[in-house]
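Working notes, structure below.
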2 protein chains.
Amino acid sequence: MPPLWIVNLIGSFAAVCTTIAFVPQLVRVYRRKTARDISFSMFLVFSVGELLWFLYGIFIHSLPVILANAVTLALAVSILVLKLRYDRL
Amino acid sequence: MPPLWIVNLIGSFAAVCTTIAFVPQLVRVYRRKTARDISFSMFLVFSVGELLWFLYGIFIHSLPVILANAVTLALAVSILVLKLRYDRL
């Protein structure tokens, strides 16, 4: 097993990746004004999950869990809202 | 603050949501044979993040972290592979 600081670094980098990953998807949908191939169910269930992670972070008093999931929740909900808007066009 | 078992239940349900969310996206891409609106960068960065979460789970000996992220990694990589295949058609 690697030293603890390496393990924590891996965990932190993991959190950054699974959070910022949603930025290019949001940008793509916004630029192309289309989101037909994106699953509404995915982003709905994912957003519910992120909301629950956020609450979980509050209950266990974990600032990294709160922050990472607040950002991911905002990004996922934004993609969901854009999909709803563009699918009607 | 709610009792610990409620907090753990919220955390577990959060993990289930953010994992199974990828199933309807995989099904949608597979059925419609198109993934143009899906961001390659999103699923690439997300998969790297899931791989790191998986390694982190191994290092901290957390079976829930290992299992949840192994499943999510498999789903995200599958979507990525299908996108690469269908975008060429």
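Hey, can you tell me all the residues within the range A:29-84 that are of a type in the set (Phe, Trp, Tyr), within 19 Å of B:Ala35 (Cβ to Cβ) and in contact with a Leu (Cβ under 8 Å, 6 or more places away or on another chain)? The answer is A:Tyr30, A:Phe40, A:Phe43.
The helices (runs of 4 or more DSSP H) falling completely within chain B that include 3 or more residues that are buried (at least 20 other Cβ atoms within 10 Å of the Cβ) and within 8 Å of another protein chain (Cβ to nearest Cβ) map to B:4-20, B:22-32, B:40-59.
Throughout, read-outs are computed from the coordinates displayed, never taken from laboratory work. Bear in mind the structure is a predicted one, so any value in this text is a computation, not a measurement. A quick note on method: Cβ atoms are made from the backbone with ideal geometry, for glycine too, and the neighbour counts reach across all protein chains shown.
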